[in-house]
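Reviewing the structure listed below.
The values are calculated or read from the model by the stated rules, or taken from the named source; none is laboratory data. Model, not experiment: these values are computed from the prediction. FYI the Cβ positions are ideal-geometry reconstructions off the backbone, even for glycines, and counts take in every protein chain you see.
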Amino acid sequence: MDRNRPGSLTKEPPLAALDATIQAITPGMSYSGLLQLAEMKSCHTRNLHSQVRRGSSQLLEYRFVYRDILGRQPTLVLVIETSPPGTKMWLVDCLSSLEITLAWKESRTNRLVTTASIRPALEGVVFACH
């Protein structure tokens, strides 16, 4: 794998092994069938903004670098530990403009929630919170 040449990546042994495992469990399905990429970031109020930046840039990088392996445009979701404070709720719309759903753990139910529109690929995984 040449990490210095974006777009030059091919399936490496770990991904080929994953493909073989998926084939053994579900014939006809392959790694390229995955529809979601997720990144999880631990955070607190003092580092939430920087963690969201890190996570979103990682997701965009993964989507680009692994585009040939993924096959089609995956749904991107960034999961953080806590709801953005009121002054940072604009991050939800900002990430949505990049086609990234920002979700966080709801403390009462431990469900993943978001105020963003939920993409069909995430229904049942992330719940609406308005």
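Residue by residue through the stretch 70-103, note down the ones that are among the small types (Gly, Ala, Ser) and more than 16 Å from His49 (Cα to Cα). Matches in the stretch 70-103: Gly71, Ser97. Look at the stretch 56-85: where a residue is touching a residue at least 24 places away in the same chain (Cβ under 8 Å) and a partner is of a type in the set (Asp, Glu), sitting 6+ places away or on another chain with Cβ atoms under 6 Å, you get Leu59/Glu39; Leu78/Glu39.
Name the residue, out of Glu61, Glu123, that is exposed (fewer than 15 other Cβ atoms within 10 Å of the Cβ), within 12 Å of the chain's Cα centre (by Cα) and either at pLDDT 90 or above or closer than 13 Å to Gln36 by Cα (or both). Break it down stepwise before answering.
On the way: Glu123 fails: within 12 Å of the chain's Cα centre (by Cα).
Residue meeting the stated conditions: Glu61.
Of the residues making up the stretch 16-48, those that are modelled with pLDDT of 75 or more, surrounded by 15 or more Cβ atoms within 10 Å (Cβ to Cβ) and not aliphatic (A, V, I, L, M) are Glu39, Lys41, Cys43.
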